[in-house]
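The structure appears below as structure tokens.
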Amino acid sequence: MNLSFPGVGSYQAGWRVSGICQAGLAVAGFILTNVFAFWFCRLWYQSGEIPILTLLRVQIPPASWTKPLLFGLGGVMLFLLAAGWALVTSLMILRSKNGDR
């Protein structure tokens, strides 16, 4: 559960602050990625062409695409950061549990 929704496993294991921070990063990443997805779908609907094909045809993205593309990339990076942090926290929790035995 910890890697599918970063922060939940950490929180349940008693690492409350770490879990809340991981969940916050994951939610922020999810929101930013969805902002990009809605922009992408709206642009696709308005132009009638998949934006990726437009990008391949012109090879340089229009200036109006910069902010949504950065939102999408930033969202993915935030979620991956939260998932990586959750993985490290999971390993630390396992190590501390094994040391107690």
Could you tell me which of the residues 85, 39 is under 18 Å from residue 5 (Cα atoms) and modelled with pLDDT under 95? 85
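Restricting attention to the range 55-62, does a residue exist that is within 24 Å of residue 7 (Cα to Cα), out of contact with any helix residue (DSSP H, G or I) (no Cβ under 6 Å at 6 or more places or on another chain) and loosely packed, with under 14 Cβ neighbours inside 10 Å?
no
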Test each condition in (1) at pLDDT 90 or above; (2) polar (S, T, N, Q); (3) in a loop (DSSP other than H, G, I, E, B) for residue 33 and report the one that comes out false. (3)
Among the residues of the range 49-68, is any at pLDDT 90 or above and of a type outside the set (S, T, N, Q)? yes
Output for the range 44-54, where each listed residue is of a type outside the set (S, T, N, Q) and surrounded by fewer than 16 Cβ atoms within 10 Å (Cβ to Cβ): 44, 45, 48, 49, 50, 52, 53
For the range 78-88, which residues satisfy the criterion of being surrounded by fewer than 15 Cβ atoms within 10 Å (Cβ to Cβ) and touching a helix residue (DSSP H, G or I) at 6+ places or on another chain (Cβ under 8 Å)? 80
How many residues, within the range 89-101, are surrounded by fewer than 11 Cβ atoms within 10 Å (Cβ to Cβ) and under 23 Å from the mean Cα position of the chain (by Cα)? 1
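Please specify each residue of the range 63-76 satisfying the condition of being exposed (fewer than 14 other Cβ atoms within 10 Å of the Cβ) and within 17 Å of residue 37 (Cα to Cα).
64, 66, 67, 70, 73
The values are calculated or read from the model by the stated rules, or taken from the named source; none is laboratory data. Please read all numbers here as calculations on a predicted model, not as lab measurements. Here the Cβ is made from the backbone with ideal geometry for all residues, glycine too, and neighbour counts use every protein chain on show.
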